[in-house]
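*Asks:* First the structure, then my questions, so here it is.
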Amino acid sequence: MNDGDASLGAERTVLSGADISRALTRISFEILEANKGASDVVLLGIPSRGVPLARQIAQNIVKVHPEVGLSDIVGQLDVTMFRDDLQRQPTRAVQDTVIPEGGIDDKVVVLVDDVLYSGRTIRAALDALTEYGRPRAVRLAVLVDRGHRELPIRADHVGKNLPTSSSEVVKVRLSDIDGVDGEDRVVIAGGDPS
């Protein structure tokens, strides 16, 4: 999940669009290797930026396993109503949850998010999953793991480990969502520039 405030000052790019593409390709192959193929894999992106990342991973998997349909393996999981911070931030918009037609029962579900920080979004996702079935296993794929966990959650597949200070903000900018100037990127803002 993105975090932070645009008023934190200068930003520095830590992942370019090409870096993001390579990281997602590597994650795709890690998922295939861990699962020994594409059978019974379901990718669920966590809105908002986890959704296009999950779609890209799914497209990479379908290139290797064309017998698998894209709509059979990718969906999205809204975690809004399962968050533990609704009292403090009640203005979150609820988004659709889309589960592939085959469901998640006895499947290997890979939750996909952009930034892993405190772990609270993933805890909410685990709670939300129980509304839709009982997976055989749940794994986590994130583009960036920035540390500072508050819960005992770790990612199985990480695009980039990015140690940060708690005063820094990691922003994932995706052209699909943010309308950025044509190239996806990950930036860090704030913190001590020295």
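The values are calculated or read from the model by the stated rules, or taken from the named source; none is laboratory data. Computed from a predicted structure; not experimentally measured. Note that we place each Cβ from the backbone using ideal geometry, even for glycine, and neighbour counts take in every protein chain shown. Quick note on the areas: whole protein, heavy atoms, side chains included, nothing else; ligands and nucleic acids left out. Shrake-Rupley method; radii C 1.70, N 1.55, O 1.52, S 1.80 Å.
*Asks:* Among 94, 68, 79, determine the one that fluctuates most according to a GNM of the chain built with springs between C-alpha atoms less than 10 Å apart.
*Replies:* In the Gaussian network model the winner is 94.
*Asks:* So, with a 1.4 angstrom probe, what is the percent of accessible area on the chain that is carbon and sulfur?
*Replies:* Carbon and sulfur atoms account for 47 percent of the accessible area of the chain.
*Asks:* Tell me which GluC sites (Glu not before Pro) from the range 98-193 have a DSSP coil assignment and no more than 12 other beta carbons within 10 Å of their own.
*Replies:* 101, 131, 150
*Asks:* Which ³J(HN,Hα) values, rounded to whole Hz and listed in residue order, are derived for the range 151-165 from phi using the Karplus coefficients 6.51, -1.76 and 1.60 in 6.51 cos²θ - 1.76 cosθ + 1.60 with θ = phi - 60°, glycine and proline given as x?
*Replies:* Calculated HN-Hα couplings, in order: 10, x, 10, 9, 8, 7, 9, 10, x, 8, 7, 10, x, 9, 8 Hz.
*Asks:* Positive end of the dipole of the range 105-194, charges at C-beta (+1 Lys, Arg; -1 Asp, Glu), about the Cα centre: which of 143, 133, 174 has its Cα farthest in that direction?
*Replies:* Of the options given, the answer is 133.
*Asks:* Next up: What FRET efficiency would be calculated for the residue pair residue 137, residue 166, taking the C-beta separation as r and a Förster radius of 35 Å, to the nearest 0.05?
*Replies:* According to the calculation, E is roughly 0.65.
*Asks:* Right, something else. Provide 96, 78 ordered by accessible surface of protein heavy atoms (probe 1.4 Å), highest first.
*Replies:* Solvent-accessible surface, decreasing: 96, 78.
*Asks:* Roughly what would the spin-label model give for residue 10 and residue 29, points 7 Å off Cα along C-beta, in nm?
*Replies:* Result: 3.6 nm between the two label points.
*Asks:* Distance in nm between label sites at residue 18 and residue 70, each 7 Å beyond Cα in the beta-carbon direction?
*Replies:* The two pseudo-label positions are separated by 2.5 nm.
*Asks:* Right, here's the next one. Using 0.36 nm times the number of residues separating residue 177 and residue 130, minus their current alpha carbon distance, what extension gain do you get?
*Replies:* Here the answer is 14.1 nm.
*Asks:* Sorted by mean Cβ packing within 10 Å, highest first, what order do the peptides 136-146, 47-57 take?
*Replies:* For the peptides 136-146, 47-57, the packing ranking is 47-57, 136-146.
*Asks:* Taking only DSSP H segments of four or more residues, each worth -39500 (n - 2.57), what value at 222 nm results for the chain once the sum is divided by all its residues, to the nearest 500 deg cm²/dmol?
*Replies:* -8000 deg cm²/dmol
*Asks:* In addition: How many lysine pairs are close in the chain, with Cα atoms under 22 Å apart and the two 8 or more places apart or on different chains?
*Replies:* So the count works out to 4.
*Asks:* Follow-up question, since we're still on this one. With every protein chain kept in place and ligands, DNA and RNA left out, what is the accessible area per residue of the chain? Probe 1.4 Å, answer in Å².
*Replies:* With the other protein chains kept in place, the chain gives 50 Å² per residue.
*Asks:* Mean separation of Cα pairs under 8 Å and 6+ residues apart, divided by the residue count of the range 114-194: what relative contact order is that in percent?
*Replies:* 26
*Asks:* Let me ask something additional. Top to bottom by accessible area (1.4 Å), largest first, where do 36, 171 land?
*Replies:* Sorted descending by solvent-accessible area, the residues read 36, 171.
*Asks:* Any idea how far the Cα center of the range 15-42 sits from the one of the range 77-112, in Å?
*Replies:* Between the Cα centres of the range 15-42 and the range 77-112 lies a distance of 21 Å.
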